[in-house]
Amino acid sequence: MTSNSASNPPKITTLISANDRLQALKNAFEKRYGESPQFYACAPGRVNLIGEHIDYCGYAVLPMAIEQSILAAVAVNKSGTIQLANTNPLYMDYDVPCTKDITIDRDNPKWYYYFLCGVKGIQENIGITNLTGMLCVVDGTVPPSSGLSSSSALVCCAGLVTMEANQKSISKVTLAEICAKCERYIGTEGGGMDQSFLFGRKWKGKADRVPASSCH
């Protein structure tokens, strides 16, 4: 499936069995929840070739996507709960009610709080009163705390997941802006370079490269 507009995050159709990582994630999802994912979302990590830590001052930067990425498998339901799991056994599962205000603990930066930053950002900025229930398993290959934007990739992936699960459609520009702002819920003060880059938005003269996407 392709997106209706070039201004929206791309949607693609892919053969799961032809991709070892997608197949492994599908297997992990089915083992965890006893059903198959309905869609997947992906956001790559990045390296910055020129202009480290100057984007929030308005200066030009030149990021580039890397092969490592955050990948999520998702199924929606009417459970009234968002259930999060991770393929890495070091990262604990987490559930949150859809009807409850999502609270982000800035003093306890667990992986699921970064994911919930993206969920909360979409909910508040699009005006979703009650989020749809979701089952989600996340797989990350971006090394954490390595300067490769693992946290921004996770927040952006969560934003994509929330938008798709709740059947909302917004432009890449708007989605990038929302994800840049909502990452601040957990205390990260960036200038929006990572999010703009991840969604393929033009940013201070850089070229679009490998935007974040969802697939079915």
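A few points about this structure:
- Near pairs, Cβ below 6 angstrom, 6+ apart or cross-chain, from the stretch 109-123 (touching a residue at least 12 places away in the same chain (Cβ under 8 Å) and open to solvent by 30 Å² or more (accessible area, probe 1.4 Å)) to any residue that is in a loop (DSSP other than H, G, I, E, B) and of a type in the set (S, T, N, Q): none
- Selection status of PRO143, closer than 27 Å to LEU49 by Cα and over 15 Å from the mean Cα position of the chain (by Cα): yes
- Enumeration of residues in the stretch 67-88 that are farther than 16 Å from GLU30 by Cα and in a loop (DSSP other than H, G, I, E, B): LYS78, SER79, GLY80
- Considering only residues in the stretch 125-144 that are touching a helix residue (DSSP H, G or I) at 6+ places or on another chain (Cβ under 9 Å) and without any contact (Cβ under 8 Å) to a residue 24 or more places away in the chain, the one that is most open to solvent (accessible area, probe 1.4 Å) turns out to be THR129.
- So ASN77, is it surrounded by fewer than 19 Cβ atoms within 10 Å (Cβ to Cβ), at pLDDT 95 or above and not small (Gly, Ala, Ser): yes
- Among the residues of the stretch 177-196, at least one is assigned to a helix (DSSP H, G or I), among the hydroxyl-bearing types (Ser, Thr, Tyr) and at pLDDT below 85.
- Residue check, LYS120 touching a helix residue (DSSP H, G or I) at 6+ places or on another chain (Cβ under 8 Å) and among the basic types (Lys, Arg): yes
One line per residue, one yes/no per condition, for (1) at pLDDT 95 or above; (2) farther than 27 Å from SER169 by Cα:
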{"position": "ASN4", "(1), (2)": "no, no"}
{"position": "PRO10", "(1), (2)": "no, no"}
{"position": "THR13", "(1), (2)": "no, no"}
{"position": "ILE16", "(1), (2)": "no, no"}
{"position": "ALA24", "(1), (2)": "yes, yes"}
{"position": "ASN27", "(1), (2)": "yes, yes"}
{"position": "GLU30", "(1), (2)": "yes, yes"}
{"position": "GLY34", "(1), (2)": "yes, yes"}
{"position": "GLN38", "(1), (2)": "yes, no"}
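The values are calculated or read from the model by the stated rules, or taken from the named source; none is laboratory data. Since the structure is predicted, the reported quantities are computational estimates derived from the model, not experimental observations. Backbone-built Cβ (ideal geometry, glycine too); neighbour counts: all protein chains shown. With ligands, DNA and RNA removed, areas are computed over all heavy atoms of the protein, side chains included. Shrake-Rupley method; radii C 1.70, N 1.55, O 1.52, S 1.80 Å.
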